[in-house]
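Since every read-out is calculated from the coordinates, none of them should be taken as a lab result. This structure is a prediction, so every number in the text was calculated from the model and none was measured. Using ideal geometry, Cβ is built from the backbone for each residue, glycine included, and neighbour counts are taken over all protein chains shown.
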Amino acid sequence: MATADLDPDLSARLFQSAVHAQSLAHAPYSRFPVGAALLGEHGQVFTGCNVENASFGLTICAERAALFAAVAQGVRRFRAVFIAAPTKGPVAPCGACRQVLAEFAPELVVYSRGQSGEVARWRLDELLPHAMGAADLELGGESAAASDES
């Protein structure tokens, strides 16, 4: 569920939430703390920060941390995600985050702001135009999940 533009006060509060989440990041290896604030369909806000691990593959990005927190509370539909990063300008979500977000909200609006204050706005389906989805898992007319049951 994409939205055109959000109320400026709401946008400011969501960026503030993303910046606060960024301050909580555990990024001792990359020194690249990121915060995200995910806006649910009914106005709920879920925040996340990146949490790095010495086994780099076990690291989780801020956007996925926020999404997983929302899913754990039963929320499955989203309007927008706000990202705060330590870069000079805005930064888009990584490919893994794009794919995971697309599972729930392919038309999600992504807002990003760097240290300069410049804001970028994209639709997720513009950032990931050919996302893999449930339909891609169909095997000869039946889903992969259904074939696992047989």
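Kindly rank 114-121, 44-51, 79-86 from highest to lowest mean number of other beta carbons found within 10 Å of each residue.
79-86, 44-51, 114-121
Filter the trypsin sites (Lys or Arg not before Pro) in the stretch 20-76 to those in DSSP coil with at most 16 other Cβ atoms within 10 Å of their Cβ, and list the result.
R31, R76
The chain: percent of C-alpha pairs farther apart than 17 Å?
61
Let me know the charge dipole size of the stretch 1-109 about its Cα centre in debye, to the nearest 20, where only the beta-carbon of Lys, Arg (+1) and Asp, Glu (-1) is charged.
Using only the charged Cβ atoms, the result is roughly 220 debye.
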